[in-house]
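Bear in mind these aren't lab numbers, they're just calculated from the coordinates by the rules spelled out. Please read all numbers here as calculations on a predicted model, not as lab measurements. Cβ: placed from backbone, ideal geometry, glycine included. Neighbour counts: every protein chain shown.
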Amino acid sequence: MIDLLQPLANRLDIFFADPISRCVLLAAVLLAHFGLRLTFYNRLNSMGWKRATIKRTEKIAFAETWLTPLVLGWAFFQPISSWVRGESSFEMLPLGLLAYAAFCLVLGGLFGFLWLLWRPVWRIQHVPAKRSVELHDVSKQTGRTLARTRKCRWAAKLPMNQIFEMAVEEIELPVVGLPEQLDGYKIAHLSDIHLTGQVAPDFTAHAVSIATQWSPDLMALTGDIVDKQPCVAWLHDLFSPARAKDGCYFVLGNHDTRVSDPDVVRDRMTDAGWIDVGGKIETVSLRSVKCQLLGNEWPWFTRPDVAVMSESTVNFRLCLSHSPDQFDWCRRNGVDLMLAGHTHGGQGRLPLAGPILSPSWHGSRWASGDFYRSPTTMHVSRGLSGVHLLRIRCRPELSLITLRCPGS
Ligand SMILES: [Fe+2]
């Protein structure tokens, strides 16, 4: 131990004198180690990199996550165990081990604080939207078996798995900057359909049917439509029954890059009557209000040209974005309402703590829900499906949103 650190080691020996406090400190270091890897995993999956690069990095990171504590524990078992038993002081531990523990505690503490800060239970930057939720047992209501594969049948039987329990959520969403004429405007928002072939298309058909029966003014689909090439053939039949007074609009998501040509997905959706706004700006009149509809598919495809947006004078901007990470882009560009998906609500949510896994640069902060940061209100859907056949306390969501002027 170098002389400079001697006084610090002495103080730590006094503070962590007994074996119990040393066990707690060791547990905190391990928790920080794993928490930092989870932080990395969430950010990695928010990147616009090629899927193969992300998967390769993920495998290396997964191995490192487990190997680092195992190798360190094995290599320094003797000094660590005698320190935990209170038989030796901090200065007897290898300097590299102490440095790594300090790194984990400082950085893990910082990210841990931010993680705690953005827990849904605190409602920070959340919009107080009224929600009424109706649960649909889609299999019973359609009379169809939804699992198409043995893997899916097994997954659906797992206790607490909610993959087929569709939550139809009617949301009264206050939107700052909403023109009075648009008070009561109805948007059916679908996201993350994930046609993989594991789940029968009847599940998606049910969502489209319920959304259409609600008679929305507009229908929006925010990406991750299809994962597997054979399911591209399903798109026309699934989406052509959709109806909305001002049209049905869609953008693509990262999973739509998994088919051989994402442009074919755009073509099939367009053939089904949907309007592709990916990377585009559509100027439309909604209840005689001049509006812009924007499609943001960043970072996997394109996003609208900011120069074109700033030139026009419009009364309301609505952005469909696959990722909630484009919230700040929307805020910078005067978007009033942003609809997003991608994070699947975290796929699973702990009591009180909420979501942990979320492929976002902001971790699980915007995993699902309604948020406001001036001048943009954002609704993030939990989506309807996923490639992972597991949802715990995180039902598939069909959002039926009625826009409201705040205070109306
Ligand atoms: Fe998704």
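Structure notes:
- Sparse-neighbour loop sites [trypsin sites (Lys or Arg not before Pro); segment 138-189; at most 15 other C-beta within 10 Å; DSSP]: 144, 148
- Per DSSP, loop trypsin sites (Lys or Arg not before Pro) in segment 205-298 with at most 10 further Cβ within 10 Å: none
- With the simple model of a label 7 Å out from the Cα in the direction of the Cβ, residue 99 to residue 298 spans 3.8 nm.
- Each of 380, 129, 149 was scored by the projection of its Cα onto the charge dipole of the chain, and the greatest displacement toward the positive side belongs to 149; charges sit on the C-beta of Lys, Arg, Asp and Glu.
- For the pair segment 279-336 and segment 195-251, the centres of their Cα atoms are 22 angstrom apart.
- Nearest-ten-degree value, helix 202-213 long axis tilted from longest Cα axis of the chain: 50 degrees
- The trypsin sites (Lys or Arg not before Pro) of segment 15-81 that meet both conditions, a loop assignment by DSSP and at most 15 other Cβ atoms within 10 Å of the site Cβ, are 50.
- Relative to the longest principal axis of the Cα atoms of the chain, the long axis of helix 6-15 lies at roughly 80 degrees.
- Cα shape, segment 4-49, gyration tensor, a/c 1.5 rule: oblate
- Distances between placed amide hydrogens fall under 5 Å for residue 316 paired with 292, all partners being 5 or more residues away or on another chain.
- Residue-averaged [θ]222 nm for the chain, counting only DSSP H segments that reach four residues, each worth -39500 (n - 2.57): -11000 deg cm²/dmol
- Here the Karplus curve 6.51 cos²θ - 1.76 cosθ + 1.60, taken at θ = phi - 60°, turns the phi angles of segment 323-336 into couplings of 9, x, 5, 8, 4, 5, 4, 4, 5, 5, 10, x, 7, 7 Hz, with x standing for Gly and Pro.
- Candidate cross-link partners of residue 59 among the lysines, defined by an alpha-carbon separation under 27 Å and a same-chain spacing of 8 or more, comprise 50, 151, 228.
- Helix 95-117 axis, angle to the chain major axis (alpha carbon atoms, nearest 10°): 30 degrees
- Set of lysines near residue 290 by C-alpha distance (under 26 Å), chain-local residues within fewer than 8 positions excluded: 186, 245, 280
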